[in-house]
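What follows is a single structure, written as structure tokens, with notes after it.
The values are calculated or read from the model by the stated rules, or taken from the named source; none is laboratory data. Remember, predicted model here, so these are calculated numbers, not experimental data. Note that each Cβ is placed from the backbone with ideal geometry, even for glycine, and that neighbours are counted across all protein chains shown. All accessible areas refer to the heavy atoms of the entire protein, side chains included, with ligands and DNA or RNA removed. Shrake-Rupley method; radii C 1.70, N 1.55, O 1.52, S 1.80 Å.
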Amino acid sequence: MHDEYKYKNYEFSGMLANHIADFVSEKRSIGYIYNSEAKLLRNFSEFSLNYKVAENVLSEEVVRAWISKKVTEADKTCYSRFSIISQFAKYMSRQGYSAYIPDKTDVGKIHKTFIPYIFTHEEIKLFLSALDTMETPPNSGAPRRKYIFPVLFRLLYCCGLRVSEAAKLKGENVDLDNGILTIQNSKFGNTRYVPMSKQMTLKCIEYNATRLVNKTGIDWFFAAPDGGYYDTRGIYSIFREYLWKAGISHHGKGKGPRLHDLRHTFAVHCLQKWVSDNEDLTTALPRLSAYMGHHDFTATEQYLRLTAEIYPEFSELMNRNYGFIIPRLERCQNEKN
């Protein structure tokens, strides 16, 4: 459970502190939240104190040392360091300073094993039906969860929202007259409008009639008992509980289903329907990309290959008509798209 989202400020150390602060400010000025990235750069600034860093110079020595992979370290952690220092180096270079810009070969081949779990249509029905049986246990500290979670999880699947986007909806962000959600400060710091289906809008209207609005605080659409919003850990706990009740097995750590897989499933099911309806995917994909708030078209394209793999009956049709826009599926697809 959380309060309103805010920028987090970090103190940077060393000879590059001012450059790092300016870099973070630039990112935020164009709409990025940049909190986790700023924290990582704080760590880098402290790391740089172990080296002789000249003023206005990002040396190859300190960059290579920063991105070198530790023995017990996950590839993803190493790649995060590489990604952020690469961006910072390019920024310094644009400012006219000497900076070593690392290449992906500097960190070697990164092996990521993330494969989305795509729910079947039947599994989605079972999961939502299980949620609709939710009751409030006696003496529960969260007496309204039986009203909240059936609607919240439907938004994740029916609108393809990120978990944080659904959790942080405010009353003012849910236009029940027109059936439109306003998603503010999403992953890339942007605001977008998400139309809902008539059925989803009706579910939100029914839920809204039960909603308790805290007039003295922030009007979270899915308010937690403490007046804040539900955090991802609490939502995931409910998710796992009702997957089990729906008879959907969890395949172990790293194999899903994950909360975010509801969003992946939304995208694949959309594409499946469009292919069945002979929709023009060259115009449909950009709409899907905008609807889901993707930073670029590449993230959306990955769902074409997933759809072809999961629904082989469409594979030949998709490759024949859209092979030129279907990328090779890389198992390193970003789970958080």
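Brief remarks follow.
- A 1.4 Å probe run over region 1-89, with the rest of the protein chains in place, finds 57 Å² accessible per residue.
- A simple spin-label model places pseudo-atoms 7 Å from Cα toward Cβ; at residue 236 and residue 51 they are separated by 3.3 nm.
- Area accessible to solvent at residue 69, 1.4 Å probe radius, in Å²: 90
- Stretchable slack from residue 176 to residue 64, in nm (0.36 nm times residue separation minus alpha-carbon distance): 35.0 nm
- Packing rank of 133-145, 271-283, where each peptide gets the mean count of other beta carbons within 10 Å, highest leading: 271-283, 133-145
- Subtracting the Cα-Cα distance of residue 208 and residue 8 from their residue separation scaled by 0.36 nm leaves 68.8 nm.
- Taking a point 7 Å out from the Cα of residue 245 in the direction of its Cβ, the residues of region 140-156 whose backbone N falls within less than 16 Å of it are 140-154.
- Spin-label pair residue 73/residue 277, simplified geometry with 7 Å Cα→Cβ offset, distance in nm: 4.7
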